[in-house]
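Novice: Structure incoming, see below.
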Amino acid sequence: MMKQFVTGAVLLSVIATGAACGKNDSGATQTVNAGGQQQPAAGQQTPAAAPAETQDAINTKAYLAARMAQEKIDFVFHDNKDKDGNFILNKYYPDQDKATAFLSGFYDPALVKSMVAFYVTDKKSGDSPIINKDNFYKKSLTDSKKEEIAFDAANTKDQVKFTTKDGAVYTMKKSGDNFIVANLEQK
């Protein structure tokens, strides 16, 4: 008898939950199309599409991605020192292949290759290569402000080009949902 009571209670609970899920806040039922998406009931408005992103917002994303990319260079090449004070590769990316793989999420592969060649020397400290103490970036982008940046008028949602007050020209390209540094021209 107790099993029948529990089974009946569970069944009623499932039915009530199913009925509640089929109604929206206004009490109108919604239907589900073959693709599994809910369709509003007759007389209801569909939600408005999200507004398109402005070019200024896209430019800002690209600029911030370039700043983050420079921070990653500093993290990989200028974050760890050996006992003699020489820079060595970051302990999380202890060899060129791991450093290259990590930086490829922020830079075009050809640019990563030239950066790694710039930083990694033939000298070793234990198993780690000693890093060139000079910086690949002639001027730090992380010290800049967006207001000091001149964005190219021909920028698109997939490519943003900008010039710093020091004359460095960055070309940012969309890679997935993010921007990567595709090219850097420094004066």
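Each value in this text was obtained by applying a stated rule to the coordinates, not by laboratory testing. Note that the coordinates shown come from a computational prediction; the quantities given were computed from them, not determined experimentally. All Cβ positions, even for glycine, are placed from backbone atoms using ideal geometry, and neighbour counts span all protein chains on display.
Novice: Over 18 Å between Cα atoms: which of Lys61/Lys174; Lys81/Lys124; Lys81/Lys145 fall into that group?
Specialist: Lys81/Lys145, as the Cα separations exceed 18 Å there.
Novice: Between the range 54-72 and the range 77-102, how far is it from one alpha carbon centroid to the other, in angstrom?
Specialist: 25
Novice: Something else: Extension gain Lys165-Ala153, at 0.36 nm per residue separation less the Cα-Cα distance, in nm?
Specialist: Extra length from Lys165 to Ala153 when fully extended: 2.7 nm.
Novice: Between Lys91 and Lys187, take the C-beta separation as r, use R0 = 22 Å, and let me know the FRET efficiency to the nearest 0.05. Working shown, then result.
Specialist: Details: r = 34 Å, r/R0 = 1.56.
Given R0 = 22 Å and the Cβ-Cβ separation, E is 0.05.
Novice: Continuing with the same structure: Taking the beta-carbon count within 10 Å as an exposure proxy, list Phe162, Phe136 from fewest neighbours to most.
Specialist: If I rank by nearby Cβ atoms, fewest first, I get Phe136, Phe162.
Novice: If you don't mind, another one. Listed here are the pairs Lys72/Lys165; Lys72/Lys123; Lys83/Lys113; which of them are more than 25 Å apart at the Cα?
Specialist: Numbers: Lys72/Lys165 22 Å; Lys72/Lys123 23 Å; Lys83/Lys113 28 Å.
Flagged as over cut-off: Lys83/Lys113.
Novice: Using 17 Å as the cut-off for backbone N distance, which residues of the range 173-187 belong to the label zone defined by a point 7 Å from the Cα of Glu71 along Cα→Cβ?
Specialist: 178-181
Novice: So which trypsin sites (Lys or Arg not before Pro) in the range 47-104 end up in coil per DSSP with only 15 or fewer other C-beta atoms within 10 Å?
Specialist: Lys83, Lys91
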